1. Find the lysine pairs in the chain meeting two conditions, Cα atoms under 15 Å apart and a separation of 8 or more places or different chains, and report how many there are.
2. How many percent of all Cα-Cα pairs in the chain sit more than 19 Å apart?
3. So how far apart, in nm, are the two label points at ASN26 and ASN55 if each is 7 Å from Cα heading toward Cβ?
4. Relative contact order for the range 2-71: what is it in percent, counting Cα pairs under 8 Å that are at least 6 residues apart?
5. Treating only the Cβ of Lys, Arg, Asp and Glu as charged (+1, +1, -1, -1), what charge dipole size does the range 2-71 show about its Cα centre? Round to the nearest 20 debye.
6. Could you state the angle between the C-alpha long axis of helix 61-71 and the longest principal axis of the C-alpha atoms of the chain, as a value from 0 to 90 degrees rounded to the nearest 10?
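Every read-out reported here was derived from the displayed coordinates using simple, explicitly stated rules and does not represent laboratory data. Because the structure is a prediction, the values reported are computed rather than measured. All Cβ positions, glycine included, derive from the backbone under ideal geometry; neighbour counts span all protein chains shown.
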Amino acid sequence: MIKRQYHYGDEYGDGVNSRYFRNFLNTLDGERSMWEILEEYGAQKAKCKKKWSYNVKWHDPEKYMIFVLRYS
């Protein structure tokens, strides 16, 4: 399992700290939620106490790499 934390907001400059995740967020069209799309890549929402972060657990390393390569 791969665990990642993606920060967003003004505290971190221009938003999300990973370019591929920022590209993914920019492609969202509002028809489906971010979490629905991430489930297709074997990811799920993890607990997070910080309001300015997304915690994501990636259960399949191969699908995680496909996600990174697609949105890089």
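1. Qualifying lysine pairs in the chain: 6.
2. 30 percent
3. 2.9 nm
4. Reported as a whole number, the value is 39 percent.
5. On the way: 13 positive and 10 negative charges, 82 e Å.
Dipole about the Cα centre, nearest 20: 400 debye.
6. Between helix and principal axis, roughly 60 degrees.
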